[in-house]
Amino acid sequence: MFLIIPFGAMSGFLAVSVAYLLAQGGISVDRIAALVALGLLPHTWKFAWAPIADTTLSRRKWYLLSSAVSAVGIFATGALPAQASSLPILSFIVLASNVAVTFLGMSVESLMAYSTPEHQKGRAGGWFQAGNLGGGGLGGGLGLLLARQLPAPWMAGAILAGACLLCGLALLFVPEPRVAFRHGSLGRSLLNVGGDLWSVARSRKGAVALFLCILPIGSGAASNLWSAVAGDWSASANTVAVVTGVLGGIIMAVGCLIGGWICDRMNRKAAYAIYGVLQALCAVAMAAAPRTESSYIVFTSLYALVTGLTYAGFTAFTLEAMGLGAAATKYNVFASLSNMPIYYMTRIDGWAHTRWGPAGMLRVEALLGVAGLVVFLGVLAALPRKRAQVPFGSAGPPA
């Protein structure tokens, strides 16, 4: 949980603090959505460089190196003025720092995969995502409060960057795993990684999980725009900072722990799909409710709780499907695919808001989420089931 906090803090700082300040500076929601989506873009392609983390430095070294670069990125993002002229350099910093933070995530994911027994994968996924989403609340809520209260804009980014660096102290309590596939030349190790990945992709359990990742089920994309659209609900800056930041992070962390606990007691992919339905219902209810500050508080908090459920569900079924081996590469194939719907749904939400307003944005997200679930159920019913495999509804070892 502590090791992954910087990963979430970076996205939270951008999606809440920077997005709100840009909106106050007169930048349109569509352009803010494009910037937030740019930060997500490296996370849709990080599987391409994940083998580097699996075959070169130790997990600890990758963590420390990427943590330092990520901290610099957070500081630089907060130091730039919130105005249109800053967008080109801000876009570059956002892209580069999010590439760096992917290596931090890879090191934590690999440590988690090797340290978690089969029957606790849901629990591990819950704590992992509690740190990720709780870090988002820390970066977003605390970042915005600091940015508004401190005399100089760079101070908020500097404080967050320092806090993220301190999270690396948790490495003292995590052993470095020994991996069997990392032997011989670098080329040989890369071939071993590729073979390990293919063994997951060709199994029914792995293929179903990979397909589930690309669908817009439980993406939680609207949370990336809560601060940018807060004006539609007449929400104040302090409300945004608390509800979508600090309080939202705590609520999402609680949702993660609950979601992980549930996933260890039922089919993990089915739990993820159910969580996606709950998120769609929340979006529909928020669209129908009065656009007041109290509605904003209630529904963004409920949305945060369900988002915690979905994130824990994703990590649980991913750990189940991927096994050990080249853990960073395999996890990030799943994670990259799962970030694709977050990326395109963030862009779609921004477009829908410009075209149909806040209610239209929420209805479009809910509609696409339900459509994704229908597609998933149809594909699942069409796939043949081999008798020799563990039944889909059981919690056996990864195929």
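The values are calculated or read from the model by the stated rules, or taken from the named source; none is laboratory data. This structure is a prediction, so every number in the text was calculated from the model and none was measured. Heads up, the Cβs are rebuilt from the backbone with ideal geometry, glycines too, and the neighbour counts pull from every protein chain shown.
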Requested in this report: Report yes if some residue within region 211-228 is surrounded by fewer than 17 Cβ atoms within 10 Å (Cβ to Cβ), in a helix (DSSP H, G or I), in contact with a Phe, Trp or Tyr (Cβ under 8 Å, 6 or more places away or on another chain) and at pLDDT below 85; otherwise report no.
Outcome: yes
Query raised in the report: Within the set of pairs 6 or more residues apart or between chains, which connect a residue that is closer than 19 Å to Ala280 by Cβ and of a type in the set (A, V, I, L, M) inside region 327-353 to a residue that is at pLDDT 70 or above and not in a helix (DSSP H, G or I) with Cβ atoms less than 6 Å apart?
Result: Met340/Ile214; Ile342/Ser219; Met345/Pro216; Met345/Ser219
Report task. Considering only region 67-85, state which residues are surrounded by fewer than 24 Cβ atoms within 10 Å (Cβ to Cβ) and over 24 Å from Arg31 (Cβ atoms). Result -> Ala68, Val69, Val72
Report task. Pairs only if they're at least six apart or on different chains, beta carbon under 7 angstrom, first in region 233-246 and more than 20 Å from Leu133 (Cβ to Cβ) and modelled with pLDDT of 85 or more, second of a type outside the set (Lys, Arg) and not in a helix (DSSP H, G or I); list them, first residue then second. Result -> Trp233/Thr292; Ser234/Thr292
Requested in this report: Can you confirm whether region 26-33 contains a residue that is in contact with a Lys or Arg (Cβ under 8 Å, 6 or more places away or on another chain) and either modelled with pLDDT under 85 or closer than 22 Å to Leu64 by Cα (or both)?
Outcome: yes
Query - Residues that are more than 16 Å from Ala222 (Cβ to Cβ), in a helix (DSSP H, G or I) and over 13 Å from the mean Cα position of the chain (by Cα), drawn from region 1-33 - result: Phe13, Ser17, Val18, Leu21, Leu22, Gln24, Arg31
Report summary line: Checked Leu57, Leu41, Leu22 against criteria (hydrophobic (A, V, I, L, M, F, W, C), under 22 Å from Leu146 (Cα atoms) and modelled with pLDDT under 90); the one match is Leu22
Query raised in the report: Given Leu362, Leu309, Leu319, Leu337, which one is among the aliphatic types (A, V, I, L, M), at pLDDT 90 or above and more than 20 Å from Ala19 (Cα to Cα)?
Result: Leu309
Report summary line: The residue from Leu90, Leu95 that alone is in contact with a Ser or Thr (Cβ under 9 Å, 6 or more places away or on another chain) and either in a helix (DSSP H, G or I) or aromatic (Phe, Trp, Tyr) (or both) is Leu90
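Right, Ser66: within 27 Å of Ser17 (Cβ to Cβ), of a type in the set (S, T, N, Q) and touching a Pro at 6+ places or on another chain (Cβ under 7 Å) or not?
no
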Query raised in the report: When you go through Val298, Val277, Val284 one by one, which is the residue that is modelled with pLDDT of 90 or more, farther than 19 Å from Trp226 by Cα and over 18 Å from the mean Cα position of the chain (by Cα)?
Result: Val277
Query raised in the report: Within region 20-37, how many residues are in contact with a His (Cβ under 9 Å, 6 or more places away or on another chain) and surrounded by fewer than 16 Cβ atoms within 10 Å (Cβ to Cβ)?
Result: 1
Query - Those residues of region 258-273 which are surrounded by fewer than 20 Cβ atoms within 10 Å (Cβ to Cβ) and part of a helix (DSSP H, G or I), in sequence order - result: Ile258, Trp261, Ile262, Ala270
Requested in this report: Quick one: in region 123-157, of everything that is out of contact with any helix residue (DSSP H, G or I) (no Cβ under 7 Å at 6 or more places or on another chain) and outside any helix (DSSP H, G or I), which residue is surrounded by the most Cβ atoms within 10 Å (Cβ to Cβ)?
Outcome: Ala152
